[in-house]
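The values are calculated or read from the model by the stated rules, or taken from the named source; none is laboratory data. Everything numeric here is computed off the predicted structure, so don't read it as measured data. Here the Cβ is made from the backbone with ideal geometry for all residues, glycine too, and neighbour counts use every protein chain on show. Note: accessible area is taken over every heavy atom of the protein model, side chains too, but ligands, DNA and RNA are not part of it. Shrake-Rupley method; radii C 1.70, N 1.55, O 1.52, S 1.80 Å.
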Amino acid sequence: MKIIVCVSHVPDSAAKINISRDGKSIDKTSVTFVISPYDEFAIEESLRLKEKNGGEVTAVSVGGENHKETLRKALAMGVDKAVLLKDDSQRDSIAVARAIADYTKEASPDLIFFGKQSIDTDNAAVGSMVAEMLGLPSVSVVVKLEIKDGRVMAEREIEGGHEKVEARLPCVIAAQKGLNEPRYPSLKGIMGAKNKPIEERVPTSSPLRVQLLVMRKPPAKNAGKIVGTDVSAVPNLVKLLHEEAKVI
Amino acid sequence: MNILAFVEQRDGKLKKTGYEVVRAARAVADELKGEVMALVVGDAVRDIAGELGAFGAQRVLVVEDPRLAQYSTTAYSKIVAEIAAREEAGVVFLSATAMGKDCAPRIAVRLDAGLAADCTALKVEGGEIIATRPVYAGKALTEVKVTSSVKVFSLRPNVFTAGTGNGSSASVETAKVELSHEDFAAKVVEVTQSKGKLDVAEADIIVTGGRGLKGPENFNIIEELAGVLGGAVGASRAVVDAGWRPHDEQVGQTGKTVSPSLYIAVAVSGAIQHLAGMSSSKYIVAINKDKDAPIFQVADYGIVGDAFEIVPALTSEVKKLLGK
Ligand SMILES: Cc1cc2nc3c(=O)[nH]c(=O)nc-3n(C[C@H](O)[C@H](O)[C@H](O)COP(=O)(O)OP(=O)(O)OC[C@H]3O[C@@H](n4cnc5c(N)ncnc54)[C@H](O)[C@@H]3O)c2cc1C
Ligand SMILES: Nc1ncnc2c1ncn2[C@@H]1O[C@H](COP(=O)(O)O)[C@@H](O)[C@H]1O
């Protein structure tokens, strides 16, 4: 089974976000970058499928030299190969998808894994875009997956419930938390990853279709009032919610 | 510029977010001097589609096929894209629901269009639509412009107001799109809905419990409060990871981003990843026994105290107020 897993390189979820001087990007000083958390579920699922069915897992990332850190993490977790589609320019989700689709067409995998969304831009778009570009079925927000006899049985989260989806291989899967418990890289894995080569390719350029005009911090919330320090404050709280906030 | 608004239905009922999308499309189309077409896809949906006229759609199109009773990613995307092209809609609106998030990217690819996903505000400036979209789980906001000739926008649920209809109705036109076996290469075979359960992403009031509740058995106080308020139960990640609550209730950076009118956080510390998912709520109430808990920094109202005393008292006080 040939599997590709796409990983993005994002600020740690605990990072404080500040806007840089240009007013269009984040200030990267003292921000730690990590593999996007949902992509870890995607990697874990790829590895489990490989362990069960044999085959090969390749991690792919589109971006600058710094994305190698994330690719190394994927290698340390156990993927066989890593490919950097090297591009320092700003790409919107279609442009990222185009680079991945072009690479994937050549590799013709059975499965292409994504995270549900990349926790920087929060687009939740690249996976479905790649599927459309390649003419493949896809299932997003997947919390349960079974592959049997060339068929895909997946369960995805929807509002207040789940959908069971059947599809054929090859297929695109976007992983949601709950799909599995990602492994920690072993010491051996981490040491081994240091020496594994990361293949570099230059993807064709793709025009920007979404232009970022400004980035700013959301309006700061003023700390509100402490209504009280025990149960006697409850009637007052309800009164405030009813009369001042008018939400109940 | 004409706008095609895709309106989601499930089980033969239009979703509330569908009305939100039509209303938002109407507001933008008024400024662009364009027309709004609403599109409903499914099996036997004609009868429910007409009322979209009352929310601002000049035309209502339906595509019906028994095979479309359940969602199919390829078939639905093909239909929306083909209708948009045929009707020369320059703009497509969808809601950023599970369905909309799944098919909007495909529709964008088919139309060679840029996608502005999960927008929380829209305005028109110099004839261009400018969308606000949160990034980094709401830690920053961006304003974006789609520069391709066709543009796709998905709108965050619960942020745009649908209001009530104005009583007018639009005639419903049937549209046909040729579908092949291949268009159903991925298809939904079963839907399981937790009965009567309100999803945090759709709720107007959310009561969230955190690790300070000490165990899953204590969530009954959260459920009761949510119950009397007609709201949904939310959970912090600590609680979900401990297996006390299902993942679909998790609020935060790796859970759901929510913006209800009222968010009550009970025994939740307010870690940055949690705040990212809920700080755009209109009113936030925090109940925590630690006065230094970060949740108080975003709360409009707080009570420093023991959740096990305060929450039941709050439930009975709300009951009193609502005459329940
Ligand atoms: C990559 C990543 C992603 C994450 N994503 C999310 C996410 O999406 N959502 C999320 O929530 N977290 C997320 N987290 C976890 C987050 O960092 C916190 O660990 C988590 O939010 C803590 O949950 P909590 O507030 O329930 O528990 P705690 O931090 O343990 O807080 C419990 C609180 O309960 C209070 N308390 C205790 N007893 C009582 C009582 N009797 N009455 C009143 N108050 C009481 C305590 O004072 C304390 O403030 C993420 C972390 C990482 C690393
Ligand atoms: N630059 C990138 N390189 C490789 N994969 C990416 C990149 N950006 C996004 N992805 C993948 O697409 C998923 C969804 O990202 P997004 O659509 O940006 O929210 C991520 O979880 C990754 O699996």
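For this structure, a couple of remarks:
- Long-range HN-HN contacts of B:Thr257 with modeled amide H, under 5 Å: B:Gly252
- Taking Lys and Arg as +1 and Asp and Glu as -1, the other residues whose beta-carbon sits under 12 Å from that of A:Glu199 total +3.
- Phi to ³J(HN,Hα) by Karplus 6.51 cos²θ - 1.76 cosθ + 1.60 over region A:183-194, Hz, x for Gly, Pro: 6, 8, x, 7, 4, 4, x, 5, 5, x, 5, 4
- Choice from B:Met37, B:Met99, B:Met278 with maximal GNM fluctuation in chain B (Cα, 10 Å cutoff): B:Met99
- Percent carbon-and-sulfur accessible area, chain A, ignoring ligands, DNA and RNA, probe 1.4 Å: 51
- Computed log₁₀ I(q)/I(0) - Debye formula, equal Cα scatterers, no solvent, chain A, q 0.09, 0.17 Å⁻¹: -0.47, -1.26
- Around A:Ser30: net Lys/Arg minus Asp/Glu count, Cβ-Cβ under 14 Å: 0
- Mean sequence separation of contacting Cα pairs (under 8 Å, at least six apart), scaled by the length of chain B, corresponds to a relative contact order of 14 percent.
- Overall shape: rounded for region B:205-322, with the ratio a/c of the largest to smallest alpha carbon gyration tensor axis below 1.5.
- Acute angle (nearest 10 degrees) that the helix A:37-53 long axis makes with the longest principal axis of chain A, alpha-carbon atoms: 30
- Helix-only mean residue ellipticity at 222 nm for chain B, each DSSP H run of n ≥ 4 adding -39500 (n - 2.57), per residue, nearest 500: -8000 deg cm²/dmol
- Applied to region B:292-302, the Karplus parametrisation 6.51 cos²θ - 1.76 cosθ + 1.60 on θ = phi - 60° returns per-residue 3J(HN,Hα) values of 8, 4, x, 4, 5, 6, 10, 7, 7, 9, x Hz, with x for Gly and Pro.
- Cβ charges +1 (Lys, Arg) and -1 (Asp, Glu), total dipole of region A:2-201, debye: 460
- Once the Cα gyration tensor of the protein assembly as shown is diagonalised, semi-axes √(5λ) in Å: 36, 31, 23
- Ranking B:Lys139, B:Lys319 from most to least accessible surface, computed with a 1.4 Å probe over the protein chains only, gives B:Lys319, B:Lys139.
- Direction-averaged projected area, Cα convex hull, region B:3-184: 9.8 nm², rounded to one decimal.
- Average accessible area per residue (Å²) across the protein assembly as shown - probe 1.4 Å, nucleic acids and ligands excluded: 40
- At least 18 Å along the helix axis (C-alpha) and Kyte average at least 0.5, DSSP helices within chain B: B:307-322
- For region A:84-170, alpha-carbon Rg relative to the globular expectation (2.2 N^0.38 Å, N residues): 1.16
- Most mobile of A:Gly189, A:Gly178, A:Gly228 in a GNM of chain A (Cα contacts under 10 Å): A:Gly228
- The residue list B:Ser259, B:Thr208, B:Tyr301 was ranked by how far each Cα lies along the charge dipole of region B:184-324 toward its positive end, using unit charges on Cβ atoms, and B:Ser259 comes out on top.
- Applied to region B:260-270, the Karplus parametrisation 6.51 cos²θ - 1.76 cosθ + 1.60 on θ = phi - 60° returns per-residue 3J(HN,Hα) values of x, 5, 9, 10, 10, 9, 10, 6, 10, 6, x Hz, with x for Gly and Pro.
- Charged neighbours of B:Asn220, selected by a Cβ distance under 14 Å, balance to -1 (K, R count +1; D, E count -1).
- Crossing angle, helix A:67-77 versus chain A [Cα axis fit, 0-90 degrees, rounded to tens]: 80
- In this structure, the residue pairs whose Cα-Cα separation is over 31 Å, taken from B:Lys33/B:Lys176; A:Lys68/A:Lys221; B:Lys139/B:Lys291; A:Lys246/B:Lys16; A:Lys73/B:Lys195; A:Lys144/A:Lys246, are A:Lys68/A:Lys221; A:Lys73/B:Lys195; A:Lys144/A:Lys246.
- Among B:Thr97, B:Thr254, B:Thr120, residue whose mean-square fluctuation peaks in a GNM of chain B (springs only between Cα atoms under 10 Å): B:Thr254
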